[in-house]
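Below is one structure, written out as structure tokens; comments come after it.
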Amino acid sequence: MVTKIFLQNLNYWEPRVYSPLPFLYHVRSFSLWSMKKDPDLESSLSRNRRWIVNNQIKNIILRCPEQVAPVKFLQKKFKTLDLQGKALNWLKKYPCCFNVYLEGDEYYCQLTKRMMSLVEEEESVKDMQEPVLVERLTKLLMMSVNHRLNVMKLNELKRSFGFPDDYLIRFVPKHPEMFRIVNYSGRRSAMEIELLSWNPDLGISAIESLGHSQGSDPQFSCTLPSTWVKSWEKFCEFNATPYISPYLDASHLVEGSKEMEKRMVGLVHELLSLTLWKKLSIVKLGHFRREFGLPEKLNVFLLKHPGIFYVSNRYQIYTVLLREGYNGSELIDKDPLVVVKEKFGELMQEGLHEYNRRHHLMNLEKKKKGMVLESSPKMRDKSSEMSEQDDHESNLGGLLDPEERKRFYKVLFDDAAS
């Protein structure tokens, strides 16, 4: 009877004609995404929406004349940032990041000196890291089937790999012997970046490099708990076969064979190793199925290897994360760009605490002066509603929790954030 009611609620039960197939199909589809949750890795994937919004506001201000933006202009942008409330109130909550001042009858906003210092530091790091980023782009092209990648698709993941917005303008003209822009179909969406010369020194994967440094054969590592007996058995069986580099020609490998599967795992592993945060959006990675020869059902493929990859649907965004890239919830190897981005998060956090401290002192001062009077039940209800609304629009995201403060700035860069 309980099953009947459940099916009726899902519109899979008809009193006269009953077919359980659609329901079973959806259950099966959902189970394909299921993976036992890892609290540490889930916390490492936590994103703070405030960080994303403020990063976008920062970029908007930098594009304004003299890097000063009228608050009215930012208010119009709030809709595109999916925000409600007043932009002025939002900006004042981050005094360490944004300097808001009144000129005449209009408010303006510019970045603080400390914020500008971080912007300059980030640009300096990008300049210093350019050789590394050029090598990273070269490795991506070397792994692709035709040594070409669609520019529009690559733009979706450029921040995951640390590429600047103008990476094409920066890299291609400086290295004409390595890259060129091609468009064989004439469509704007078909523009591609093509590799012109093969660099054998870069055709060494992270797995091969680690094996060489340890004086052993290249093999995958597994960080699953020892209690995952079946998963360990499958991993050991999979790892027993020889490693196949993602930089080698795979045209001779048979589709669906164990050798092809071994190469595909190595390919995804190498792609994740090249990212800043050792993670990628599964949906966006799937856009490169043709370019990298990825499996059609990429999600199913990744879930078959829980010892190497961790799949999460946190915030309803399906993400694959490289397990060996983390020690608990901490990223092991931090790219210099990650270090700068963490400083931005720390500056935001400092501003939030300063804003809350000022308001706390103001409320204490009001109480001392007797300005805070006992409100009527009706007024208390209204105040409660306003407080709940403010919490909804300005949730601190658990910043008062010590553990959350530690990982506050470990934001998974939203690939869509500017």
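Residues in segment 286-300 that are in contact (Cβ under 8 Å) with a residue 40 or more places away in the chain and either outside any loop (DSSP other than H, G, I, E, B) or crowded, with 19+ Cβ neighbours inside 10 Å (or both): Phe288, Arg290, Glu291, Phe292, Gly293, Asn299, Val300. Scanning segment 262-280 for residues that are under 17 Å from Leu154 (Cα atoms) and free of Cβ contacts under 8 Å to residues at least 60 places away in the same chain, we see that the one that is surrounded by the fewest Cβ atoms within 10 Å (Cβ to Cβ) is Lys278.
Looking at segment 236-287, which of the residues that are among the aromatic types (Phe, Trp, Tyr) and in contact with a Ser or Thr (Cβ under 8 Å, 6 or more places away or on another chain) is farthest from Gly325 (Cα to Cα)? Reasoning before the result, please.
Let us first name the residues in segment 236-287 that are among the aromatic types (Phe, Trp, Tyr), namely 238, 243, 247, 277.
Among the residues that remain, those that are also in contact with a Ser or Thr (Cβ under 8 Å, 6 or more places away or on another chain) are: 247, 277.
Working: Tyr247: 21, Trp277: 8 Å.
Result: Tyr247.
Exactly one of these conditions fails for Glu259: (1) without any contact (Cβ under 8 Å) to a residue 12 or more places away in the chain; (2) surrounded by fewer than 18 Cβ atoms within 10 Å (Cβ to Cβ); (3) of a type outside the set (S, T, N, Q). Give me its number. Going through (1) without any contact (Cβ under 8 Å) to a residue 12 or more places away in the chain; (2) surrounded by fewer than 18 Cβ atoms within 10 Å (Cβ to Cβ); (3) of a type outside the set (S, T, N, Q) one by one, Glu259 breaks only (1). Within segment 221-240, can you find the residues that are within 26 Å of Ser329 (Cβ to Cβ) and either modelled with pLDDT of 90 or more or open to solvent by 60 Å² or more (accessible area, probe 1.4 Å) (or both)? Thr223, Pro225, Ser226, Thr227, Val229, Lys230, Trp232, Lys234 - these are the residues of segment 221-240 that are within 26 Å of Ser329 (Cβ to Cβ) and either modelled with pLDDT of 90 or more or open to solvent by 60 Å² or more (accessible area, probe 1.4 Å) (or both). Looking at segment 280-292, can you tell me whether even one residue there is more than 25 Å from Pro218 (Cα to Cα) and aliphatic (A, V, I, L, M)? Yes. Glu233 fulfils the conditions (1) touching a Pro at 6+ places or on another chain (Cβ under 6 Å); (2) in a helix (DSSP H, G or I) except for a single criterion, (1).
Among the residues of segment 327-346, is any among the charged types (D, E, K, R), at pLDDT 90 or above and either assigned to a helix (DSSP H, G or I) or in contact with a Ser or Thr (Cβ under 7 Å, 6 or more places away or on another chain) (or both)? Give the derivation first.
Initial filter on segment 327-346 (among the charged types (D, E, K, R)): 330, 333-335, 341-343, 346.
Within this subset, residues satisfying the condition of being at pLDDT 90 or above are 333-335.
After this cut, where a residue has to be either assigned to a helix (DSSP H, G or I) or in contact with a Ser or Thr (Cβ under 7 Å, 6 or more places away or on another chain) (or both) as well, the list is none.
Checked segment 327-346: no residue is among the charged types (D, E, K, R), at pLDDT 90 or above and either assigned to a helix (DSSP H, G or I) or in contact with a Ser or Thr (Cβ under 7 Å, 6 or more places away or on another chain) (or both).
Spot the failing condition for Ser251; the list is (1) modelled with pLDDT of 90 or more; (2) in a loop (DSSP other than H, G, I, E, B); (3) of a type in the set (Ser, Thr, Tyr), and only one is missed. If we test Ser251 against (1) modelled with pLDDT of 90 or more; (2) in a loop (DSSP other than H, G, I, E, B); (3) of a type in the set (Ser, Thr, Tyr), just (1) comes out false.
Of the numbered criteria (1) surrounded by fewer than 18 Cβ atoms within 10 Å (Cβ to Cβ); (2) among the hydrophobic types (A, V, I, L, M, F, W, C); (3) over 14 Å from the mean Cα position of the chain (by Cα), the one Val283 fails is (3).
Wholly within segment 89-169, which helices (runs of 4 or more DSSP H) include no fewer than the required count, namely at least 3 residues that are open to solvent by 40 Å² or more (accessible area, probe 1.4 Å) and over 21 Å from Gly203 (Cβ atoms)? Write out each step before concluding.
Numbers: elements: 113-128, 130-143, 151-157.
Correct list: 113-128, 151-157.
Residues in segment 305-318 that are part of a loop (DSSP other than H, G, I, E, B) and in contact (Cβ under 8 Å) with a residue 40 or more places away in the chain: His305, Pro306, Gly307, Ile308, Asn313, Tyr318. So Trp198 fits all but one of (1) more than 20 Å from Met264 (Cα to Cα); (2) open to solvent by 60 Å² or more (accessible area, probe 1.4 Å); (3) in a loop (DSSP other than H, G, I, E, B); (4) out of contact with any His (no Cβ under 9 Å at 6 or more places or on another chain); what number is the exception? It fails just one condition, (4).
Given the criterion surrounded by fewer than 20 Cβ atoms within 10 Å (Cβ to Cβ), among the β-branched types (Val, Ile, Thr) and in contact with a helix residue (DSSP H, G or I) (Cβ under 8 Å, 6 or more places away or on another chain), identify the matching residue among Ile332, Ile308.
Details: Ile308 fails: surrounded by fewer than 20 Cβ atoms within 10 Å (Cβ to Cβ).
Result: Ile332 is the single residue among Ile332, Ile308 that is surrounded by fewer than 20 Cβ atoms within 10 Å (Cβ to Cβ), among the β-branched types (Val, Ile, Thr) and in contact with a helix residue (DSSP H, G or I) (Cβ under 8 Å, 6 or more places away or on another chain).
In segment 211-240, the residues that are under 20 Å from Glu270 (Cβ atoms) reach residues that are modelled with pLDDT of 85 or more and open to solvent by 70 Å² or more (accessible area, probe 1.4 Å) with C-beta atoms within less than 6 angstrom, at least six apart or across chains, in these pairs: Gly211/Asp217; Asn239/Gln219. Within segment 70-88, restricting attention to residues that are assigned to a loop (DSSP other than H, G, I, E, B) and open to solvent by 60 Å² or more (accessible area, probe 1.4 Å), the residue that is modelled with the highest pLDDT is Lys86.
The values are calculated or read from the model by the stated rules, or taken from the named source; none is laboratory data. Here the structure is a predicted model, which is why all the values come from computation and not from measurement. Using ideal geometry, Cβ is built from the backbone for each residue, glycine included, and neighbour counts are taken over all protein chains shown. Areas reflect the complete protein model, heavy atoms only, side chains present, ligands, DNA and RNA absent. Shrake-Rupley method; radii C 1.70, N 1.55, O 1.52, S 1.80 Å.
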